[in-house]
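Undergrad: Have a look at this one before I ask anything.
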Amino acid sequence: MSLIHVKNDWLIDHSHSLALFERAKEPKELHIIDIPGNYHADRIFLQASERIEPLIRRFLTDRLAAAKS
């Protein structure tokens with residue numbers, strides 16, 4: 001599981017992602033993104049795609065590699 005959450009999310013506080021992360025089994029990642037503004041998932045790709053896309057690509061690449069071995 002890979003969680004990506006904006007630190008100042010206007011709808012859901014990032015502490016919710018932290019709680020989910022703490023209870024999740026491996027493999028897991030948590031990324032709290034500190035960007036100007038208070039965006040939720042509805043705008044995060046528009047505001048921070050250069051930071052988020054590499055995280056998603058790396059997570060998926062790592063999971064695919066693990067599945068093949």
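The values are calculated or read from the model by the stated rules, or taken from the named source; none is laboratory data. Values in this document were obtained by computation on a predicted structure and should not be read as measured data. When we count neighbours, we look across all protein chains shown, and the Cβ atoms used for this are built from the backbone with ideal geometry, even at glycine. Note: areas computed on protein heavy atoms with side chains; ligands, DNA, RNA excluded. Shrake-Rupley method; radii C 1.70, N 1.55, O 1.52, S 1.80 Å.
Undergrad: Which one, Pro36, Met1, Phe21, projects farthest toward the positive side of the charge dipole computed for the chain from Cβ point charges (K/R +1, D/E -1)?
TA: The residue sitting most towards the positive pole is Met1.
Undergrad: Would you work out what percent of the accessible area of the chain, with all protein chains in place, is carbon or sulfur (probe 1.4 Å)?
TA: 57 percent
Undergrad: Further question: Counting other Cβ atoms within 10 Å of each Cβ, which chymotrypsin sites (Phe, Trp or Tyr not before Pro) in the chain have at most 11 and sit in a DSSP loop?
TA: Passing sites in the chain do not exist.
Undergrad: By the gyration tensor of its Cα atoms, with a ≥ b ≥ c the square roots of the eigenvalues, what is the shape of the chain: rounded for a/c under 1.5, prolate for a/b over b/c, or oblate?
TA: Cα axes put the chain in the oblate bin.
Undergrad: Using a 1.4 Å probe, what is the accessible area per residue for the chain, in Å²?
TA: Result: 72 Å² per residue.
Undergrad: Next question. Looking only at Asp42, Asp34, Asp13, which one moves most when the chain is put into a Gaussian network model with springs between Cα atoms under 10 Å?
TA: The residue with the greatest mean-square fluctuation here is Asp42.
Undergrad: Could you please report the charge total around His16, scoring K, R as +1 and D, E as -1 over all other residues with beta-carbon less than 12 angstrom from its beta-carbon?
TA: -2
Undergrad: May I pose another question? Just grab the label-to-label distance for Arg51 and Glu29, each label 7 Å out from Cα along the Cβ direction, in nm (one decimal).
TA: 1.5 nm
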